[in-house]
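J.: My questions all concern the structure below.
A short reminder: the numbers here are calculations on the coordinates, not readings from a lab. Remember, predicted model here, so these are calculated numbers, not experimental data. Reconstructed Cβ throughout: ideal geometry from the backbone, glycine too, with neighbour counts over all protein chains shown.
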Amino acid sequence: MNTKYDFIVWIGSCLAAILGFVKAAQSEAPLFWLAVWPMPVTFASLIFVFFRQGFHLEDGVLVLGRRHTVIR
């Protein structure tokens, strides 16, 4: 994957989240639309980035990025 694909995913998810907030603001059930639209898109984008970039625990903290191995 390249950065162009990442950029397209982020722009698409941001636009979907903004549309969800607009729909929630104009509806009679805003909590329903917040639960259905922007929150799942935001979590899906977060999960996509964590699995794409890799993650690991370092001193009990979740760190974004692959673990660097030291060759001795």
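J.: Give, as residue ranges, the helices (runs of 4 or more DSSP H) completely inside the chain that count at least 1 residues that are in contact (Cβ under 8 Å) with a residue 40 or more places away in the chain and of a type in the set (Lys, Arg).
T.: Details: elements: 3-26, 30-36, 38-53.
So the answer is 38-53.
J.: Would you check which residues across the range 33-59 are among the polar types (S, T, N, Q) and over 17 Å from Gly12 (Cα atoms) and list them?
T.: Taking the range 33-59 and keeping what is among the polar types (S, T, N, Q), we get 42, 45, 53.
Residue satisfying the conditions is Gln53 alone.
J.: If a residue must be surrounded by fewer than 16 Cβ atoms within 10 Å (Cβ to Cβ) and under 11 Å from the mean Cα position of the chain (by Cα), how many such residues does the range 13-47 contain?
T.: Final tally of qualifying residues: 8.
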